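Here, each number is a calculation from the coordinates, and none is a lab measurement. Computed from a predicted model, the values in this text were never measured in an experiment. Cβ coordinates were reconstructed from backbone atoms using ideal geometry, including for glycine residues, and neighbour counts include every protein chain displayed.
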Ligand code: NAD
Ligand code: AHE
Ligand code: ZN
């Protein structure tokens with residue numbers, strides 16, 4: 001057992017508490033990682049809110065980290081002590097039906113137990129004063145020391161700054177990947193991006209990389225517009241400035257609709273608008289945002305009959321162990337400007353401020369330093 005500083009979510013909708021937890025050593029096929037830094041993503045807030053059907057408490061949240069392997073369990077061969085890694089909430093075993101399909105980045109190797117807040121053997125490595133704590137998304141990066149399945153870490157070069165490339169563990173990769181892998185946006189395409197947090201802004205960056213012809217950035221918080229333009233948005237739109245539905249606004253702006261749209265909020269009404277602002281015959285809408293338990297999407301089926309396509313994207317369709325190192329390389333070369341996304345840095349003790357800043361719309365990404 002080792003001691004670890006951690007931000008524990010003891011119950012939904014309560015502030016995280018910084019306490020010293022006990023972490024059991026890694027078992028077979030597991031690794032112990034010292035987290036150096038972690039981002040805070042809206043999905044952490046979503047689960048903390050109690051809206052996540054997989055949300056279990058007490059738990060240690062966090063899934064956008066960067067760290068160093070401190071110990072490995074029996075049978076671990078792909079990483080060793082001292083390796084720098086990014087934890088993966090979408091594992092890559094390379095062997096399951098999903099990994100070998102060539103059709104998806106979703107991997108089934110540890111997903112079932114991950115959703116139950118435990119390691120693949122069905123038990124937790126975390127406890128506090130004798131009480132078991134649940135793992136979260138297979139990562140729990142809000143603990144200085146965390147245990148992950150070997151298939152849930154991507155090894156990255158040691159010279160990559162962990163307090164920046166941690167953002168590639170979720171937000172930045174998700175947005176870029178949704179554009180490049182899931183939608184496969186072509187040069188010259190017209191794109192609409194709904195929601196300009198870390199995910200939506202990364203989708204703008206992805207659309208810029210794809211050389212999209214027009215990139216329409218949409219948010220109800222106009223303070224997000226400068227950074228959206230900086231990353232390549234050609235138009236910015238605040239739905240509150242119009243007295244008609246946002247899908248009509250976008251269709252009017254684009255001679256019939258966009259080629260691709262991306263919902264980066266988690267609002268089922270906006271998901272509908274994102275689909276319905278797509279061009280008849282070929283427009284494709286990608287859902288990235290995560291909606292709460294019981295929420296459902298709807299539209300008239302005629303929207304699909306007439307050629308619009310509704311898709312979803314998890315972790316940008318990226319296979320973490322094989323593809324994340326290339327994202328890290330692109331960040332190191334400057335093609336992915338991670339600094340633009342990091343609006344705040346703070347110690348673990350202040351992590352609740354990071355959530356407040358997110359809810360107030362004042363941050364893009366806060367990086368927590370251990
Ligand atoms: P964020 O809170 O930083 O950003 C959300 C943005 O949406 C904010 O700028 C907010 O002003 C804007 N917004 C809210 N309501 C709006 C509306 N009605 N119209 C237009 N804009 C609106 O969140 P984030 O970290 O960027 O995450 C965005 C979503 O993506 C969340 O639902 C998160 O859970 C999800 N997510 C999904 C994946 C995935 O793999 N599918 C990965 C990461 C995050
Ligand atoms: N637990 C939720 C679903 C959460 C969800 O959709 N997660 C995204 C990643 S969000 C990262 O910020 C995802 O990748 N999903 C695919 C997967 O396998 O979880 C619920 O509704 O139960
Ligand atoms: Zn996330």
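A few notes on this one:
- GNM flexibility winner over the chain from 15, 158, 27 (Cα, springs under 10 Å): 158
- Sorting 302, 10, 315, 194 by the number of Cβ atoms found within 10 Å of their own Cβ, with the fewest placed first, yields 302, 10, 315, 194.
- Between residue 108 and residue 131, the FRET efficiency estimated from the beta carbon spacing at R0 = 25 angstrom works out to 0.25.
- Degrees separating the helix 198-209 axis from the principal Cα axis of the chain, which is the longest one: 60
- GNM result for the chain, Cα springs below 10 Å: residue of 276, 296, 64 fluctuating most strongly: 296
- Relative contact order (%) - segment 200-252, alpha-carbon pairs under 8 angstrom, separation at least six: 34
- Cα-based shape type of segment 175-313, given that a ≥ b ≥ c are square roots of the gyration tensor eigenvalues and the cut on a/c is 1.5: rounded
- As a rough guide to protection, the peptides 115-123, 169-177, 76-84 ranked by mean Cβ packing within 10 Å, highest first, stand as 169-177, 115-123, 76-84.
- Residues 101, 285, 261, sorted so that the one with the fewest Cβ neighbours within 10 Å comes first: 101, 285, 261
- Full-extension gain in nm, residue 80 to residue 229, via 0.36 nm per residue minus C-alpha separation: 49.5 nm
- Note on segment 175-313: antiparallel DSSP beta bridges, both residues inside, total approximately 0 percent of the bridges counted.
- Overall form of the chain per C-alpha gyration tensor (a/c, 1.5; a/b vs b/c): prolate
- 19 Å reach of a label modelled at residue 280, 7 Å along Cα-to-Cβ, counting backbone N of segment 299-317: 299-310
- Three-way shape call for segment 45-112 based on the alpha-carbon gyration tensor, with the a/c threshold at 1.5: oblate
- Counting only alpha carbon atoms, the long axis of helix 320-332 and the longest principal axis of the chain meet at about 70°.
- By DSSP, the beta bridges lying fully in the chain are antiparallel in about 55 percent of cases.
- Taken as Cα centroids, segment 203-242 and segment 298-352 sit 15 Å apart, rounded to the nearest whole angstrom.
- Relative exposure of 227, 364, 2, judged by other C-beta atoms within 10 Å (fewest first): 2, 227, 364
- Length-normalised contact order for the chain - Cα pairs under 8 Å, 6+ apart - percent: 18
- For the options 28, 321, 300, a Gaussian network treatment of the chain with springs between C-alpha atoms closer than 10 Å singles out 300 as fluctuating the most.
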